């Protein structure tokens, strides 16, 4: 085998497989979800990947998520729709960690992605593949950030987008969708209500449904969080990863990435314990996990300040639970008060303005440290899924206004 | 010379030199500005750098601005205060470029930095060096984003910060400063009025003045935009760089970086033509450039939607003008209408939600293309200094709100 043969393929995507019933689907035509109702998972020719590339050969590539293109579903490099997303920093949270006697606490700061959240990963890969498959119009419900990301990437791809979001979703997402030229609607309800309206446009107006896990490729973008973490730690995994869980795609994706790395022979260590963090006002996964259930039940009257995880029933709930059980992880809920206190503590101690969803994970770190579930020497990674800049209302400030020429009081 | 000798020093900082009168200062004690009133510039032992490192040896380093540590003023790696800032993507703006018959238009997207703007570069290097020199309390006036960045890095460094900003500055910056624990005041006036109040705290309350160019190291952080650009293009420079100019530190920094690369023997090409972009409501540099003046005059009744460049008189104006004259560049003003139209056009065509200051540069690209100052084949880089997410008010949206169960109108 010569070098040309080895590097010939940009993607080693092979087929799609139902995550529940294992039915196989052709990956090279547009596909939604399985006839059984469950999400489709992209499967790769991992044997060929193993022969094609070694981890060390990835190092010199550009610092964005496309460095893992062999394990992504886009067939041709020229199909890639990108703002340079990925390789977000892994930042030590030394002071916050020390306050809980944890010596190795890190955050992967997804706030430094285009559109300010981790949603850019799913949108970059999802839109690139949709474009490659000839799709021209996409529709989705959103709690705000995913819509903003998909609207932006769709605009870059020259595609039309339709977004429906709850009226209570963070306001900035409206501006992001609108300026990108998206067809945007608010709904007086939750994301499920938005989903019902969006589904109408899919059924009647020729839009392709790109809702969470209703197409197979958003998950592949989210997977790169796991690949990056693994590479950033020197092709090593941490002991624990905490993830704020709404739809759960990031957690499913990280688990999928780890499984693929095992199958590639790259990862031989024990995999990290995965932790799904939810809010006490919307904790269906936590309830299911506590009962060792295979799936969750819809949460009634869901409500939390961490709007991104206000998801009463996730399509991929069973895959999230599989990841928790399979990794020896857990699920935990925190209150809105705990979320806001952690957001503030992280800002004061570490200078990082994180989103409420990320803050939920730091609140969970505190609880799991106090309960002894986390060990002082565990290497712990919190996924901060977005920047606090998108959530101005989480900071209550009263700032004195001075007249010109005033002098400051001593403090 | 063996390898150990070659790599022994993290920084090759040598001394400080006045940018106007060339007076020399010791770099290893805290310094402000020159007795003549002009900014101090960091000077390096570039001969030693030339022996210590080749550009190709920088490639494998982490993708953040500290990869250029030999050319930065922080003596010890352990002094670095960082959120992983730097190596922002250089993104092709193909459709916007094509609409003006420009074939090589790019933007360096500084919105992907911590705190969402390029101010993070100056704050990272400035705070790291301040901490290294034993400074505990810093004060500054700001139009918003610089204050947010310095407050965040100060919190991470365990330093106190005091920030004074105009009441009209973008609101999100208040939340950023407040949550980081900064002592924050608003003033009913412009940045100069904020500066007068901040100066009182410097004179009477033991704060170190970290205002624009009143300490030497913010500039060094900004310089890395030039170094990154140069590396990202394969150690090659573009034909033109456009920069939204308020205090002008980024433009001065890019020019300084290019000069250092020439002295290092790394850069032998012609340097890029540098363009200072201002708003017609505050265009002191443009006026000075048109008159071939050495310095600017304070602009009366300054006002623009691009608040970050609402700076009536910059301390480093003469250095900005030197960079324009020395590079064969120009200065140009655009109206607020042109700024908002460009912001919208970039979002629709490229999917990128840029800040109004960045949009000013795209408006300038349009004008300079129409006037013939830009050639169709010029390789052009616009510095987008921040994310549009921080400026929700620049997008006017009226979004229909639907009831649960509604169906969408056909469109």
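If R0 equals 30 Å, the separation of the Cβ atoms of residue B:14 and residue B:295 corresponds to a calculated FRET efficiency of about 0.60. Neighbour counting of Cβ atoms within 10 Å sorts the residues B:115, B:91, B:377, fewest neighbours leading, into B:377, B:91, B:115.
The mean number of Cβ atoms from other chains found within 10 Å of a Cβ in peptide A:190-199 is 2, as a whole number.
Per-residue Cβ neighbour counts within 10 Å put B:352, B:140 in the sequence B:352, B:140, beginning with the fewest.
Sorting the segments A:169-177, B:363-371, A:258-266 by their residues' average number of neighbouring beta-carbon atoms within 10 angstrom, most packed first, yields A:169-177, B:363-371, A:258-266.
Averaged over the residues of peptide B:133-146, the number of Cβ atoms from other protein chains lying within 10 Å of each residue's Cβ is 0.
Entry note: the protein assembly as shown has Rg to Rh equal to 0.96, where both radii use alpha-carbon atoms and Rh is the Kirkwood radius. Residue and whole-Å distance for the chain A Cβ lying nearest the axis of the A-onto-B rotation are A:63, 2.
For segment B:354-401 and segment B:193-228, what is the separation of their Cα centres, given in Å? If we compute the Cα centre of each part, the gap is 27 Å. Using a cutoff of 8 angstrom between alpha carbon atoms and counting only pairs six or more residues apart, the relative contact order for segment B:3-79 works out to 41 percent. With N the number of residues in chain A, Rg(Cα) / (2.2 N^0.38 Å) evaluates to 0.97. Ordered by the count of other Cβ atoms within 10 Å of each Cβ, fewest first, A:21, B:361, A:282 give A:21, A:282, B:361. Inter-copy label distances at residue A:268, using a point 7 Å along Cα-to-Cβ, come to 4.8 nm with the shortest given first. Quick one: Debye curve from the C-alpha atoms of segment A:3-79, no solvent, what's log10 I(q)/I(0) at q = 0.12, 0.14, 0.27 Å⁻¹? Debye output, listed in q order: -0.40, -0.53, -1.25. Across chain A, Cα pairs under 8 Å and at least six residues apart give a relative contact order of 16 percent.
Mind jotting down the distance between the C-alpha centroids of segment B:109-123 and segment A:8-46, whole Å? One Cα centre to the other: 39 Å. Other protein chain C-beta atoms within 10 Å of residue C-beta, averaged over B:63-75: 1. Peptide packing for B:242-252, A:73-83, B:64-74 was compared via the average number of neighbouring C-beta atoms within 10 Å per residue; ordered from the highest value, the list is B:242-252, B:64-74, A:73-83. Placing a label point 7 Å from Cα along the Cα-to-Cβ axis, residue B:300 is separated from the same position in the other copies by 7.0 nm, shortest listed first. The modelled label-to-label distance for the pair residue A:236/residue A:341, using points 7 Å beyond Cα in the direction of Cβ, is 3.4 nm. Position residue A:35: other-copy label points at 8.9 nm, ordered by increasing distance, label point 7 Å along Cα→C-beta. The mean sequence separation of alpha-carbon pairs under 8 Å and at least six residues apart, normalised by the residue count of segment A:1-146, gives a relative contact order of 21 percent. Note on chain B: antiparallel DSSP beta bridges, both residues inside, total approximately 30 percent of the bridges counted. For the peptides A:212-221, B:8-17, B:317-326, the ranking by mean Cβ contacts within 10 Å, running from highest to lowest, is A:212-221, B:317-326, B:8-17.
All of the numbers you see were taken from the coordinates with simple rules; none came from a lab. Fair warning: this is a prediction, and the values are worked out from it, not measured in the lab. Heads up, the Cβs are rebuilt from the backbone with ideal geometry, glycines too, and the neighbour counts pull from every protein chain shown.
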